[in-house]
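**Student:** Take a look at this one; I'll ask things after.
The values are calculated or read from the model by the stated rules, or taken from the named source; none is laboratory data. Remember, predicted model here, so these are calculated numbers, not experimental data. Neighbour counts are summed over all protein chains in view; Cβ atoms, including those assigned to glycine, are modelled from backbone coordinates with ideal geometry.
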Amino acid sequence: MGRRSIDAQGDGPSVSGSGDQPKGDATRVVSAGRRAEWTQGIVNPPVWRASTILYESVAELRAAGARDTHHRLFYGRRGTPTQWSLADALTELEPGAEATFLYPSGVAAIAAALLSVLSPGDELLLPDSAYDPTRSMATGLLKRMGIATRFYDPLIGAGIADMIADNTAAIFMESPGSLTFEVQDIPAIVAAAKARGVVTLLDNTWATPLFFPAIGRGVDLTILACTKYIVGHSDVMLGSVTAAPGRFAKLRDTSFQLGQIASPDDCWLGARGLRTLAIRLAQHQSSALKIARWLKEQPEVSAVLHPALPDCPGHDIFARDFRGSTGLFSFALVGATEAARAALIDGLEHFGIGYSWGGFESLALPVDPARYRTVTKRHDIGLIVRLQIGIEDPDDLIADLAAGLGRFRAAVA
Ligand SMILES: *Cc1c(COP(=O)(O)O)cnc(C)c1O
């Protein structure tokens, strides 16, 4: 079986075929990216590891170097069918997208996306609710390169138009925001950006393309920390950027120049996780909603910051724009002290204490948004706990949290 047989030169269909009938989410994630020339009949695309690719002659080597290497074996850093398959799968999940590049982490994906659109002298607009490492990148690396950042209220909506300056080159969005879950008016921000020729980027890790197909809503570059729901098992670091038409070439050039490559083994695990994304998200969604609604009834809880609940800033926009909700949200405690919050979390049986989220297991984390923010401190909400609701039985998680609120009550009494 020669190498040429696995090189995909066109945009051939994956196993989903090319029927016109729109497919449901669970069907799409099962079939996405599984091209016959890459799977060779194996159900999930196998691991193709490579650094050197051998050529049969000098002439063939030269011809390979002169061609576009997209979806062609060239050198390991340009990927193998394992990476191409996952990248294509993520592209297929974003109707209207051009292509996807994969990275060894979500933060690496954010860096490459920003560096592909920003140059010295440019300005970036970043929501105050952005993931903290994204902030650090803006105030550290980007600043050092002569790229300025202005932070904006995540709820600014169409008002973003007044912030766009002559040197504003990109508007970054993250919706809902990290820790406090403000839902952004992405269509309004995209419209204001397009009117001024400004590029838009979205960190879409929470919703995934299933619950917010970002490219179809006009976003130029949509970013996932695949580490979270795509992988889904808390055992792999992986990131992706999916580009709207005309946006991929610069992203790919920048990523190649940075030497970015996600390992085939990690991409294989990412593709394996992807197959169950729709059923996992359905469970995360229903369990998280059940627990959020239960928390809302508890006297120790002052607010539940879950985009599908009215306490959450931007809830109306969520209801208008999103196809579903996932398993990560926060709640605020009445009259909390640090020690009482720790007593709640420390004794939980089914919730681990740790960073990241999106795996099958539940997590609880004390979070303090005011530590990171500048323009919207959110001091008003007091001490909060962020929960990642896994796929355990939700009633067991509720019993666990009820006992935790009991410990909290005892500690503040
Ligand atoms: C975790 C996370 C990231 C970063 O992903 P890593 O794979 O951990 O680098 C980016 N954005 C959001 C919203 C995240 O939660």
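**Student:** With the requirement that a residue be part of a helix (DSSP H, G or I) and surrounded by 12 or more Cβ atoms within 10 Å (Cβ to Cβ), what does the range 61-87 give you?
**Tutor:** LEU61, ALA64, GLY76, ARG77, ARG78, PRO81, THR82, GLN83, TRP84, SER85, LEU86, ALA87, listed by residue number.
**Student:** When you check ASP203 against the structure, is it within 13 Å of the ligand (Cβ to nearest atom) and under 28 Å from LEU118 (Cα atoms), yes or no?
**Tutor:** It is true that ASP203 is within 13 Å of the ligand (Cβ to nearest atom) and under 28 Å from LEU118 (Cα atoms).
**Student:** If you don't mind, there's one more thing I want to ask. Say we look at the range 91-116 and pick out the residues that are of a type in the set (A, V, I, L, M, F, W, C) and closer than 14 Å to LEU202 by Cβ; which of these is farthest from the ligand (Cβ to nearest atom)?
**Tutor:** Looking at the filtered set, the residue picked out is ALA97.
**Student:** Let me ask you something else. Filter the range 162-189 down to the residues that are within 16 Å of LEU124 (Cβ to Cβ) and crowded, with 22+ Cβ neighbours inside 10 Å and list them by number.
**Tutor:** Scanning the range 162-189 gives ALA170, ILE171, PHE172, MET173, GLU174, GLN184, ILE189.
**Student:** Among the residues of the range 232-263 satisfying the criterion of being over 22 Å from THR208 (Cα atoms) and among the hydrophobic types (A, V, I, L, M, F, W, C), which is nearest to the ligand (Cβ to nearest atom)?
**Tutor:** By that ranking, first place goes to LEU258.
**Student:** Of everything in the range 136-158 that's in a helix (DSSP H, G or I) and more than 20 Å from the chain's Cα centre (by Cα), which residue is surrounded by the most Cβ atoms within 10 Å (Cβ to Cβ)?
**Tutor:** Among residues in the range 136-158 that are in a helix (DSSP H, G or I) and more than 20 Å from the chain's Cα centre (by Cα), the one surrounded by the most Cβ atoms within 10 Å (Cβ to Cβ) is LEU142.
**Student:** Regarding ASP321, is this residue surrounded by 14 or more Cβ atoms within 10 Å (Cβ to Cβ), more than 26 Å from ALA411 (Cβ to Cβ) and of a type in the set (Asp, Glu)?
**Tutor:** Yes.
**Student:** Condition test on ASP132, is it within 15 Å of the ligand (Cβ to nearest atom) and surrounded by fewer than 20 Cβ atoms within 10 Å (Cβ to Cβ)?
**Tutor:** yes
**Student:** With the requirement that a residue be of a type in the set (Gly, Ala, Ser) and within 25 Å of GLN388 (Cα to Cα), what does the range 176-217 give you?
**Tutor:** GLY177, SER178, ALA207, ALA214
**Student:** Another question, if that's okay. How many residues does the range 368-391 contain that are surrounded by fewer than 17 Cβ atoms within 10 Å (Cβ to Cβ) and under 20 Å from LEU289 (Cα atoms)?
**Tutor:** Number satisfying all stated conditions: 0.
**Student:** Within the range 165-174, how many residues turn out to be under 25 Å from the mean Cα position of the chain (by Cα) and not hydroxyl-bearing (Ser, Thr, Tyr)?
**Tutor:** The number of residues fulfilling the criteria is 6.
**Student:** I would also like to ask the following. Report every pair of residues separated by at least 6 positions or lying on different chains whose Cβ atoms are under 8 Å apart, first residue within the range 303-329 and within 20 Å of GLY157 (Cα to Cα), second of a type in the set (Asp, Glu) and modelled with pLDDT of 95 or more.
**Tutor:** Close Cβ pairs satisfying both conditions: CYS312/GLU182; PRO313/GLU182; GLY314/GLU182; GLY314/ASP185; ILE317/ASP185.
**Student:** Checking ALA169 against (1) free of Cβ contacts under 8 Å to residues at least 60 places away in the same chain; (2) within 27 Å of ARG371 (Cα to Cα), only one condition comes out false. Which one?
**Tutor:** So the condition that ALA169 fails would be (2).
**Student:** If you scan the range 190-210, which residues turn out to be closer than 23 Å to PRO307 by Cα and in contact with an Asp or Glu (Cβ under 9 Å, 6 or more places away or on another chain)?
**Tutor:** VAL190, THR200, LEU201, LEU202, ASP203, ASN204, THR205, TRP206, PRO209, LEU210
**Student:** Which condition breaks for PHE181 when tested against (1) assigned to a loop (DSSP other than H, G, I, E, B); (2) on the phi < 0 side of the Ramachandran plot?
**Tutor:** With (1) assigned to a loop (DSSP other than H, G, I, E, B); (2) on the phi < 0 side of the Ramachandran plot applied to PHE181, the lone miss is (2).
**Student:** Check the range 258-280 and report whether any residue there is in contact with a strand residue (DSSP E or B) (Cβ under 9 Å, 6 or more places away or on another chain) and within 27 Å of PRO187 (Cβ to Cβ).
**Tutor:** So far as the range 258-280 goes, no, none of its residues is in contact with a strand residue (DSSP E or B) (Cβ under 9 Å, 6 or more places away or on another chain) and within 27 Å of PRO187 (Cβ to Cβ).
Per-residue answers, yes or no, for (1) in the same structural domain as THR134 (by TED's automatic domain parsing); (2) buried (at least 21 other Cβ atoms within 10 Å of the Cβ):
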position	(1), (2)
ALA214	yes, yes
TYR229	yes, yes
HIS233	yes, no
SER240	yes, yes
PHE256	yes, no
GLN298	no, no
VAL304	no, yes
LEU309	no, no
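**Student:** State whether the residues of the range 339-360 include one that is under 20 Å from the mean Cα position of the chain (by Cα), small (Gly, Ala, Ser) and crowded, with 22+ Cβ neighbours inside 10 Å.
**Tutor:** yes
**Student:** Oh, and also: Assess whether LEU397 counts as being closer than 21 Å to ALA308 by Cβ and out of contact with any Leu (no Cβ under 6 Å at 6 or more places or on another chain).
**Tutor:** Judged against the criteria, LEU397 is a match.
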